[in-house]
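Okay, structure first, notes after.
Bear in mind these aren't lab numbers, they're just calculated from the coordinates by the rules spelled out. These numbers were taken from a predicted model, which means no experiment stands behind them. Using ideal geometry, Cβ is built from the backbone for each residue, glycine included, and neighbour counts are taken over all protein chains shown.
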Amino acid sequence: MTFQAYLDNIQAKTRKTPADFRAMADDKGFTEGSGIKPGIKAGQIVQWLKDDFGLGHGHAMAIFTLLKGGHPGP
């Protein structure tokens with residue numbers, strides 16, 4: 001599955017865009033600028049995405065990758 005396919009599946013499940021996830025992560029204090037704040041661990045973000053959106057580990061990691069700036073996203 002491509003990275004874009006992960007993002008498409010996440011959006012279909014949650015009705016949230018990558019920009020929505022960036023904004024929510026910023027509101028929660030996980031991000032600053034174009035990346036993850038120092039001291040924030042992947043597990044914290046993954047758990048948030050699992051708890052609040054019912055994402056599986058792979059899909060949550062795709063959002064983490066997006067948030068850390070590893071992929072520009074749409």
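Among 22, 15, sorting on how many other beta-carbon atoms sit within 10 Å of each Cβ, with the fewest leading, yields 15, 22. Here residue 32 and residue 8 are evaluated by their C-beta separation; at R0 = 30 Å the FRET efficiency comes out at 0.65. For residue 41, the lysines whose Cα comes closer than 17 Å to its Cα, not counting residues fewer than 8 places off in the same chain, are 28, 50, 68. Between residue 61 and residue 47, the distance separating the two model label sites (each 7 Å from Cα on the Cα→Cβ line) works out to 1.8 nm.
Here is the P(r) of the chain: all C-alpha pair distances, binned every 10 Å from 0, give 21, 61, 18, 0 in whole percents.
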